[in-house]
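Any read-out appearing in this document is the output of simple, stated calculations on the displayed coordinates, not a laboratory observation. Just so it is clear, the model here is predicted, and its values are computed rather than measured. Here the Cβ positions follow ideal geometry from the backbone for every residue, glycine too, while neighbour counts run over all protein chains shown.
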Amino acid sequence: MSASSQTSILLIYTGGTIGMIQNPETGALGNFNFDQLLLQVPEIKQFNLDIFAYAFEPPIDSSDMSPDLWAELVRIIYSNYEKYDGFVILHGTDTMAFTASALSFMLEGLMKPVILTGSQLPIGALRTDGKENLLTAIEIAAAKNDDGTPVVPEVCIFFHEKLMRGNRTTKISAENFDAFESNNYPILAHSGIEIQYYRHFIRPYDPKATLKPHYKMNADIIIFSLFPGIQPTIVKKILKSPDLKGIIFRTFGSGNAPRFSWLTQSLTEATQAGKVIVNITQCSTGSVKMHLYETGCQLLEAGIISGHDSTVEAAITKLMYLIGQELPPESIRAEMKRSIAGEIGVPGKRKKETEEIRKKQEERGSILEKRNT
Ligand code: ASP
């Protein structure tokens, strides 16, 4: 594995805590510019790489991220695709998993690394996690196999020692350095003294693939999360909304919902009206299996489709992407059920391998925990 001097990386700075500085008067964090940020990481010069930068002007807090800005990122990557071997996107942590998921669908045929990272503490802070995250993300984006192909030709998040598939990732902590998790898919690499890649889980490089950018996302959708006591009048009103095209329906356990006839009827009417309803679980691990319980079977009958083991972030951005393609509801439903960028598991496939690697990763996690206590 190597990173030659010809290897070039485009660093795209969107904003986020990594590039923020504390206002001495108010104590609040605000953005500072990209040159100031780079001054905090002189180590970057030690890489034997050509590193160029592109900065959002002004940089944003990632709560202000939007489908238009995702399209802007796609434009930047597409127009620089031939010039660079890899891309690193500096991004706020709050919506990083949404952006990573969106890009994985919008950059069809991507065969170069696009690594998102950020930090919990600003890069100028004494105990910052930003330097480590940034430097390792660059190293991963530049890593090549002996035949010159990229080691990680997909959209990923690198954060606190872990490289994760972008569309499998969720922010799990507002305060720990270990802020992201890939609950339903093993990590793709672990960064210790060396970076250990788990190659079985990285998307294979396809020399024939060509990058096809997609810019249109349709956000006429909602995330609808169930809870005991949910009220018919409100739900019926939302499901009848004429502008609504899709719903990510967050259900209990393995995809179950209360057996209220008003609910089943409203969901059936919504699907019959062409709205696409995708069932994902509120649990952080595991998959939807609607046939397991009667409380799930009724949803199947209402025309709701399974989102399998999808994260909320992947499900919502995939639906935006598919509706943006202006496909008929039946085709959107079919596409939602299959993996288009590695975002959902194929049940049974590689199960044994997955379990073995996950076990190893968990053992490593508990060794690290013991060391830290
Ligand atoms: N609010 C910040 C953002 O997402 C938080 C962070 O970067 O960690 O932009």
For region 64-124, what number results from the quotient of the Cα radius of gyration and 2.2 N^0.38 Å? 1.13
Enter the angle in degrees (range 0 to 90, nearest 10) between the Cα long axis of helix 67-79 and the first principal axis of the Cα atoms of the chain, meaning the one along which they spread out most. 50
Given an 8 Å cut-off on Cα distances and at least 6 residues of separation, report the relative contact order of the chain as a percent. 14
Only Lys, Arg (+1) and Asp, Glu (-1) charged, at Cβ; region 72-150 dipole about Cα centre in debye: 180
Here is the link list: Lys83/Lys131; Lys144/Lys171; Lys240/Lys275; Lys275/Lys318; Lys245/Lys289. Which ones come out longer than 19 Å on Cα distance? Lys83/Lys131; Lys144/Lys171; Lys245/Lys289
Placed amide H near Ala55: partners under 5 Å, 5+ positions off or other chain: Tyr13
What dipole magnitude, in Debye to the nearest 20, does the chain give about its Cα centre under +1 on Lys/Arg Cβ and -1 on Asp/Glu Cβ? 1180
Please give the charge dipole size of region 2-134, origin at the Cα centre, charges +1 on K and R Cβ atoms and -1 on D and E Cβ atoms. Round to the nearest 20 debye. 300
For the chain, how big is the tail of P(r) above 30 Å, as a whole percent of Cα pairs? 41
Listed peptides 288-301, 305-318 by packing density, highest first (mean Cβ within 10 Å): 305-318, 288-301
How much FRET efficiency would the formula 1/(1 + (r/R0)^6) give for Glu43 and Ser63, where r is the Cβ-Cβ distance and R0 is 35 Å, rounded to 0.05? 0.75
